[in-house]
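Engineer: The structure follows.
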Amino acid sequence: MLELTPEQEVQRSYNAAMDSVTLLNAGKPEKMDDAEWADTVARNKEHLKIMLAKDFWTNENLKPLEDASK
């Protein structure tokens, strides 16, 4: 297994958080039912809140995470 540097780990975390932002900003997929979408939204917003609480951020733009977590 490849060992990541601390910078790579932060970037990986940021990318994962941005995946949640992208998903939330895209809106409910046409074929997803409302209950499943509500669950998806809740899980991804919780993920963003957890990520925003991390203390390893340096110069990453956290505004998209903050906006999508509301």
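A short reminder: the numbers here are calculations on the coordinates, not readings from a lab. Since we're looking at a predicted model, the values are computed, not measured. Cβ: placed from backbone, ideal geometry, glycine included. Neighbour counts: every protein chain shown.
Engineer: When the Cα centres of region 52-70 and region 10-27 are compared, how far apart do they sit, in Å?
Structural biologist: 10 Å
Engineer: Would you indicate which of [x] 15.4, 58; [y] 13.6, 40; [z] 11.3, 37 is the value of Rg and Dmax of the Cα atoms in Å derived from the coordinates of this structure?
Structural biologist: Step by step, Rg and Dmax of the Cα atoms in Å for this structure corresponds to label [y].
Engineer: Would you calculate, for the chain, the mean residue ellipticity at 222 nm contributed by helices, counting each DSSP H stretch of 4 or more residues as -39,500 (n - 2.57) and dividing by all residues, to the nearest 500?
Structural biologist: Values: 3 runs with 46 residues, N = 70.
So the calculated ellipticity at 222 nm is -21500 deg cm²/dmol.
Engineer: Another one. To the nearest 10 degrees, how steep is helix 6-26 against the longest Cα principal axis of the chain, on a 0 to 90 scale?
Structural biologist: Tilt of helix 6-26: around 20 degrees.
Engineer: Can you give the relative contact order of the chain as a percent, counting alpha carbon pairs under 8 Å and 6+ residues apart?
Structural biologist: 42 percent.
Engineer: Once the Cα atoms of helix 34-52 and of the chain are each reduced to a long axis, what angle between those two axes, in degrees from 0 to 90 to the nearest 10, is obtained?
Structural biologist: On a 0 to 90 degree scale, this one is about 20.
Engineer: Nearest 20 debye, what's the magnitude of the dipole of the chain about its Cα centre given +1 on Lys and Arg Cβ and -1 on Asp and Glu Cβ? Before the final figure, lay out the partial values.
Structural biologist: Working: 9 positive and 14 negative charges, 33 e Å.
My answer is approximately 160 debye.
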